[in-house]
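**Student:** Below you'll find the structure I mean.
Read-outs throughout are calculated quantities, based only on the coordinates presented, and are distinct from any laboratory measurement. The shown structure was predicted, so the numbers you read here are calculated from the model rather than taken from an experiment.
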Amino acid sequence: MHIDRYKALAALIRAFFTSFSSGITDSRGLVSKESRTAQAVKKAMLEHYEDIAPAFHDTLFYPIAAMNFSYEDVAAVVAEAHRKGDDMAALLRAVCATKPFYDAMVAEYRRNFSCLLAGRNASMSEHLASYTRPTDAEGGTIDTDRAIQLATRVVMFAYSRGLAAGCPDGESPSMRHPTLFSLLLDTMNVLLHDQEIVPCDDGSEELASLFVRVCGSQHNFGVMTDEMDRTYEEIARS
C-alpha cells in the first residue's frame, strides 16, 4: 500500500510542530488542558523561537531525504553540499528534490508556524482540509510502512528535542507516555485517514484497540510499535 507523498509530507511537518511544542510545554509542567492555554503556549514558544528552525532541520532532514532518495543518493547529495559549503536550509532544499515539493514544505512550515505563534496547533480537521496538495501530476506516493516509520521517528525526536530545549541545563528530560501516545495517535490519524477518528463515546475502548483502529490495521500498528522501539534506543544513545 502507498500514501500520497504530499499528504505524508504535511503529516510529518505537522507532527514536528505538535511534538516539539508539546516537549516545550511538558518541560514547563503545562500538561493539563487547563494549563495549556493559548497565552501560555504562545509565551513558551516565543521564548524558544530561535530553537524551532534548527530542531526542524535536524528532525526533518532524514525523513524528507528518505522520501525522495536512496541512502546512497542522500550520501552523495550531502557530500556535494559540504563541498559547496551549503548551510542546512540549502541542504534541506536539495533533498526535497523538486521545486513543487520544496514549495509544499515551505507552505506547510509557515502554516504550522503561524498557528504555533498564535498559541495553538492546527486541528486535525483544519489540517486535513487545508494541507498543501500537488499542483500538477508530479505528486507520487510513498510506501505506507515507510511513511509510518518516518512519522513515528519525527514525533519521538521532535518531542524529545522539545523537552531538551525546555529543560534547564544539566537536567535529563523524560518522555511522558500520555503525551507521546496522544501525539502518535494524532499523527497516524492525519497520515492514514481523511477524517478524524474519535474514541468510543463510552470510554470503554482500550488504548491498544484505539491505536489499531487509527493505524488502520494490526500490521500498521506493529510497524509503528517496532519503529518506536528502534527510535527509543536511538534517542537513548544520543
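**Student:** How much length would be gained if the chain were fully extended between residue 117 and residue 2, taking 0.36 nm per residue of separation minus their Cα-Cα distance, in nm to one decimal?
**Tutor:** Computed gain between residue 117 and residue 2 is 38.1 nm.
**Student:** Now for a separate question. Compute the separation of the alpha-carbon centres of the range 97-122 and the range 184-238 and state it in Å as a whole number.
**Tutor:** 24 Å
**Student:** In square nanometres, what is one fourth of the surface area of the convex hull spanned by the alpha carbons of the range 1-100?
**Tutor:** Hull-based average projected area comes out at 8.5 nm².
**Student:** Report the extension gain between residue 219 and residue 98 in nm, rounded to one decimal, defined as 0.36 nm multiplied by the number of residues separating them, less their alpha carbon distance.
**Tutor:** 40.4 nm
**Student:** Next question, about the same structure. Taking a cut-off of 17 Å between Cα atoms, list the aspartates and glutamates near residue 42, but don't count ones fewer than 8 places away on the same chain.
**Tutor:** Cross-link targets: 26, 34, 50, 51.
**Student:** Once fully extended, how much extra length lies between residue 129 and residue 236, figured as 0.36 nm per residue of separation less the alpha-carbon to alpha-carbon distance?
**Tutor:** Gain on extension, residue 129 to residue 236, equals 34.9 nm.
**Student:** Please work out the Cα convex hull volume for the range 106-207 and give it in Å³ per residue.
**Tutor:** Convex hull of Cα atoms, per residue: 156 Å³.
**Student:** Just how far, in whole angstrom, is the range 1-73 from the range 130-151 if you go by their alpha carbon centroids?
**Tutor:** 17 Å
**Student:** For the chain, with equal point scatterers placed on the C-alpha atoms only and solvent neglected, what are the log10 I(q)/I(0) values from the Debye formula at q = 0.07, 0.08, 0.09, 0.17 1/Å, to two decimals?
**Tutor:** Values, matching the q order: -0.22, -0.29, -0.37, -1.39.
**Student:** Still on this structure, please answer the following. Could you tell me which of rounded, prolate or oblate describes the range 77-142, using a ≥ b ≥ c as the square roots of the eigenvalues of the alpha-carbon gyration tensor, with rounded for a/c under 1.5 and, failing that, prolate when a/b is larger than b/c and oblate otherwise?
**Tutor:** Judged from the Cα gyration tensor, the range 77-142 comes out oblate (a/c at least 1.5, b/c at or above a/b).
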